[in-house]
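FYI, it's all coordinate maths here, none of it is from the lab. What you see is a predicted model; the values in this text were computed from it and never measured. As a convention, Cβ positions derive from the backbone with ideal geometry for all residues, glycine included, and neighbour counts pool all protein chains shown.
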Amino acid sequence: MPLEIVFPMTNEHELQLDLERQGVFLSTVNRFYNWGRRSSIWPMAFGLACCAIEMMAFGLSRYDVARFGAELFRASPRQADLMIVAGTVTKKMAPQVVRLYNQMAEPRYVISMGACATSGGPFRDGYNVLRGIDLLVPVDVYVPGCPPRPEALLHALITLQDQIDRQKLGRVRWYGQGAKPQTTDFPVPTFGAQGLEIDGHLVDPVGGLPLVSSYTAPEFGEMKSGRLEHPEIVRHFPIMDPSVELEHPLKARGMAPEIAADDLKRGEVGNAEA
Amino acid sequence: MPRLDAAELRERMARDLPGAVLEVVPLQVAAAPPHGPQPGAFMTSDTLVAPSRLVEAACYLRDLLGYAYLSDIAVVDYLADDLFELVYRFYHVEGGEGLTLKVRIPRDHPEVPSLTPAWPGANFHEREAFDLYGIVFVGHPFLRRIYMWDEFEGFPMRKDFPKQGDKYIGADE
Ligand code: SF4
């Protein structure tokens with residue numbers, strides 16, 4: 001009986017796995033190279049806030065990230081492949097985070113762990129917290145949660161390994177080839193009178209909305225998205241603005257309608273014009 | 001364990017440091033809403049001292065009463081009353097409840113004598129209050145920012161500090 005091999009037309013990677021299961025070992029440079037990288041991701045020992053506690057649990061015996069080949073936390077960015085941004089990135093720390101990222105050897109990956117690193121989290125409306133590390137460096141995997149459980153971080157690592165498996169050697173940005181060559185360092189913000197600056201321009205004012213767009217995920221090109229965070233909305237916060245009526249700490253008029261509509265606690269809030 | 005409550009401290013200080021203790025004027029902060037946590041005027045029995053007598057009062061607490069640990073200096077911005085209230089909390093190292101000294105200073109001229117020369121542990125607390133609220137501690141040996149970067153202008157914990165971009169984005173509004 002002839003052996004019938006069905007080639008699923010999904011992609012090269014699936015095809016290879018399928019062949020392997022049937023005893024045919026085929027490889028490509030891509031596959032071999034990706035296998036090497038995905039099997040020994042060395043994270044940088046770098047924690048910023050409470051999320052770092054969960055990251056330690058993820059590295060230690062109970063959750064044991066060694067099962068996935070990423071147990072070697074390195075204390076130097078020069079020896080690390082993966083930066084787990086574990087915690088609140090304050091504006092004061094942001095330049096150091098970018099500097100460390102720039103110092104990591106390529107290929108390098110970023111996991112944004114927790115609500116804080118992803119968006120500013122509970123401190124988003126504060127004056128001192130960067131609203132998402134993706135404003136400054138591209139992020140491969142985002143982990144939601146405050147803090148995410150170690151399992152969630154393991155899942156993020158597995159997701160990252162999956163993404164590495166799909167990378168094409170000739171198209172990753174760090175070899176200066178393809179659609180998104182990256183030949184220079186990511187700009188490191190500097191401290192200015194009103195907030196973080198890049199090349200002398202204010203990019204993230206203290207107490208204000210960021211004036212730069214975030215980097216998109218690798219699936220979407222890892223480029224600046226060009227979309228500012230709600231440039232058109234002027235938000236009112238009752239404590240700052242005497243013109244806003246304050247009926248109740250959670251019930252102020254003049255909240256941006258999008259925020260009001262999204263927020264279960266502020267169901268009955270009207271908008272500024274109303 | 002020392003047992004001295006706020007009212008007692010007030011009495012003793014009024015007796016031992018004549019002129020230092022001020023009468024507490026109720027603040028005009030907006031009345032709490034009926035369903036809020038604390039209806040009625042907000043007043044505590046803590047000792048309000050004259051800013052010029054602060055160092056003396058603190059040393060009295062430390063040297064005579066033994067409250068040697070200055071736990072923190074909090075600043076409250078009473079925007080409606082146009083004043084800052086500095087809250088110094090002291091603890092006795094043997095335990096027991098803490099005691100509080102309060103100082104009120106005008107918002108437009110926020111100056112208060114520094115405790116640091118007499119009490120080195122106040123150093124970082126005072127720098128923090130300077131950094132975030134712009135309180136000037138006269139006589140502090142090294143009054144510069146501690147959390148924010150040196151280049152920064154403004155005092156972000158003040159209630160009139162703009163937030164959510166209303167200073168830099170949509171300034172016309
Ligand atoms: S996301 Fe939550 S747990 Fe993580 S650093 Fe922020 S506040 Fe802490």
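Checking the table A:LYS91/A:LYS224; A:LYS92/A:LYS168; A:LYS92/B:LYS159 against a 30 Å threshold on Cα-Cα, which pairs fail? Working shown, then result.
On the way: A:LYS91/A:LYS224 20 Å; A:LYS92/A:LYS168 36 Å; A:LYS92/B:LYS159 21 Å.
Violating the 30 Å limit, Cα to Cα: A:LYS92/A:LYS168.
Provide A:HIS201, B:HIS140, B:HIS109 in ascending order of the number of other Cβ atoms located within 10 Å of each residue's Cβ, fewest first. Spell out each step's value before the answer.
Details: A:HIS201 10, B:HIS140 19, B:HIS109 7.
Ascending number of Cβ neighbours within 10 Å: B:HIS109, A:HIS201, B:HIS140.
Before anything else, pin down the relative contact order of region A:19-103: Cα pairs under 8 Å, at least 6 apart, normalised by residue count, whole percent.
Working: 91 pairs, mean separation 29.1, N = 85.
Contact order relative to length: 34 percent.
Using a 7 Å offset from the Cα along the Cα-to-Cβ direction at both B:ALA118 and A:CYS146, what is the distance between the two label points in nm, to one decimal?
4.3 nm
7 Å from Cα along Cα→Cβ at both A:MET56 and B:ALA14: what's the point-to-point distance in nm?
5.1 nm
Can you work out the Karplus-derived ³J(HN,Hα) for every residue in region A:100-105? Use 6.51 cos²θ - 1.76 cosθ + 1.60 with θ = phi - 60°, whole Hz, and x for glycine or proline.
5, 4, 4, 7, 6, 6
Of B:ARG3, A:ARG74, how do they rank once you tally other Cβ atoms within 10 Å and put the fewest first? Walk me through the intermediate numbers first.
Numbers: B:ARG3 8, A:ARG74 16.
In order of increasing Cβ crowding within 10 Å: B:ARG3, A:ARG74.
Using amide H atoms built 1.01 Å from N in the peptide plane, name the residues 5+ places from A:ARG74, or on other chains, whose amide H lies under 5 Å from its own.
Those qualifying (amide H under 5 Å, at least 5 residues apart or on another chain) are A:MET44, A:ALA45.
Output ³J(HN,Hα) for region A:63-73: one whole-Hz value per residue in order, computed from phi by the Karplus curve 6.51 cos²θ - 1.76 cosθ + 1.60 with θ = phi - 60°, and x for Gly and Pro.
Karplus values, whole Hz, x for Gly and Pro: 9, 6, 5, 4, 4, 10, x, 10, 8, 8, 6.
I'd like the GluC sites (Glu not before Pro) in region A:19-82 restricted to DSSP loop residues with at most 12 other Cβ atoms within 10 Å, sorted by number. Before the final figure, lay out each step's value.
On the way: sites: A:GLU20, A:GLU54, A:GLU71; in loops: A:GLU71.
Nothing satisfies the criteria.
For B:ARG104, B:ARG145, what ranking results if the residue with the fewest other Cβ atoms within 10 Å of its Cβ goes first?
Values: B:ARG104 20, B:ARG145 15.
Lowest to highest Cβ neighbour count: B:ARG145, B:ARG104.
Going by a ≥ b ≥ c, the root eigenvalues of the Cα gyration tensor, does region A:14-53 fall in the rounded group (a/c under 1.5), the prolate group (a/b larger than b/c) or the oblate group?
Values: a/c = 5.26, a/b = 3.05, b/c = 1.73.
Since a/c reaches 1.5 and a/b is larger than b/c, the shape of region A:14-53 is classed as prolate.
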